[in-house]
1. What number comes out for the charge environment of GLY52, summing +1 per Lys or Arg and -1 per Asp or Glu over other residues with Cβ under 9 Å away?
2. Arrange the peptides 160-168, 77-85 so that the one whose residues have, on average, the most other Cβ atoms within 10 Å appears first.
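Taken together, the values in this text are just the output of simple stated rules run on the coordinates, not laboratory data. Please read all numbers here as calculations on a predicted model, not as lab measurements. A quick note on method: Cβ atoms are made from the backbone with ideal geometry, for glycine too, and the neighbour counts reach across all protein chains shown.
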Amino acid sequence: MQTFSQAKKLTYFAVLTALTLVLQLLGNTVKIGILTLNFSLIPIVLAAILLGVWYGTALGAITGLIILLNCGVLGADGFTNVLFASDPVVISLVCIVKTAAAGAVSALLFKWIKRYNGFAATVIASGIVPVINSGIFILGMLCIIPSLREFGFIAEGANAFATIVLVFVGLNFVFEFALNVIVAPALYRVINVVDSTLFSKNNRTSAAQETTTEKNDKDEE
């Protein structure tokens, strides 16, 4: 896999950031029963795989910030909005850290595993994002159990951990994990096509430049 130029990385990053914003806003409006369809993790996977650790982490942090502002501050999601009003520091950290860490871990795993198998690296890097995202969310919710009980999100006498995992995460995690893993083969093909195209274009450009230089040298002689 060939590396992208810094300018091209910034271009891809800008496009993925815009896509993240659109998908996050769309995700709050697409619901199937209690399931909220969240597609905003896909750009994090793309940034981690295509652009590397720093870009994957940065896009993850931006995604978390968008979630915090949209759901916590503006109230697009009642659950997040109520908890943000009660525990703003914890909710802010959870929103930003969970997606930033997901992007970082995804990029690191891809970088390490691709040396052995590019396809496996893509699948694992795609699947780890919802795992890290949901794992840190669970840890954050465990820190504010009193607030969850106070606002009725966890019934009195109910097992807090089981409620957080099965009710708060549950189907959303299954959907996010399946979506990321299913699209991994497509992502892998896209990456290879993009890399091959860019590499071929760079080779043609270099060859043309060399030919022009040689021609100029002969004319000068």
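1. Details: positive: LYS9, LYS111; negative: none.
Result for the local shell: +2.
2. Packing proxy ranking, top to bottom: 77-85, 160-168.
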